[in-house]
Each structure stands twice: as structure tokens, then as C-alpha cells.
Amino acid sequence: MSEAEALEFIMLASANAIASFALYVTFTTAYLTAAFFVGSRLTSFQLVAVSMLFLIASTSVAVSCLAQITAFEKAVSTYPTILNSLPLWTAFSWFPAMSLVMIAGLVSSFYFMFSTRREKNGAENT
């Protein structure tokens, strides 16, 4: 593979990772919006259905994002001369950083949803 082809692959992998992360943010925003507006009124079945759909959708795009980051990092390490002048791309591994961001997003989203449920149950018991 020539350096031009490697650079094109690197750009495609990074663009795919960004698109996957954008979908992750979209799914997370939709879940948080649902939690905020109707979370306290959801039945137990609706809560499980919405939460499972969110978990499956967000996890699938998170895995896609991380796969693209892995491909990006492998290409950069194979052809290091291509991106030596771009330290933001090569200064650290994006994989652990993005993994942490997306896991934190999942955990905090579930916490937010279940805290709206707890408020509902607490308000009914008082």
C-alpha cells in the first residue's frame, strides 16, 4: 500500500469513527430526552424495552467506533511518517479515551433514567 492509499484509509477510518460516535451521541440524547420527559410514567415493561433498545443500539455503534479507531491506529503505526506532523492524532491512543467516554455515557444515562424512576416512586410513597 502506498503512503497515499494509507493516508486515504486513515482518513476513511477516522471519518467512520466520527460518524459512529455521532450516532452514539444521537442514541444517548434520545434516551436522556425520553428519561427526562416520560421516564417517571413508563411502565416496568416500557422501561426495560427502552433501556434494552438503547443498550443494544449504543453498544453496536460504540463497537463500530472502536473498531474504526483500532484500524486508524494500526494504519498510523504501520505508516508513522504520514502523520508525524499531526501530534493531536498520534499523541495518545484514542481507543482507551473513547472507550471511557462511551462507557461513562452508558452508565450515567442508565443512572439518569433510574433516578427519574426513583423520584416517581418516592413521590408516590410520601
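Just a few scattered comments:
- Across the chain, counting alpha-carbon atoms alone, Rg and Dmax equal 19.3, 70 Å.
- Looking at the stretch 1-80, none of the chymotrypsin sites (Phe, Trp or Tyr not before Pro) sits in a DSSP loop with at most 11 other Cβ atoms within 10 Å of its own Cβ.
- Between helix 94-125 and the chain there is an angle of about 10 degrees, using the helix long axis and the longest principal axis of the Cα atoms.
- Principal-axis analysis of the Cα atoms of the chain puts helix 44-78 at an angle of about 10° to the longest axis.
- Dipole orientation for the stretch 3-125: of the candidates 80, 99, 43, 43 has the Cα lying most toward the positive pole (charges on Cβ; Lys, Arg +1; Asp, Glu -1).
- Contact order, relative form, for the chain: 40 percent (alpha carbon pairs under 8 Å, 6 or more residues apart, mean separation divided by residue count).
- Rounded to the nearest 20 debye, the dipole size of the chain about its Cα centre is 580 debye, using +1 on the Cβ of Lys and Arg and -1 on the Cβ of Asp and Glu.
- The angle between the Cα long axis of helix 3-38 and the main principal axis of the chain comes to about 10°, on a 0 to 90 degree scale.
- Candidates 63, 116, 24 compared by Cα position along the dipole of the stretch 3-125: farthest toward the positive end lies 116, with charges placed on Cβ.
Read-outs throughout are calculated quantities, based only on the coordinates presented, and are distinct from any laboratory measurement. In this text, all values refer to a predicted model and were calculated from it rather than measured experimentally. For neighbour counting, all protein chains shown are included, and Cβ atoms are generated from backbone atoms with ideal geometry for every residue, glycine included.
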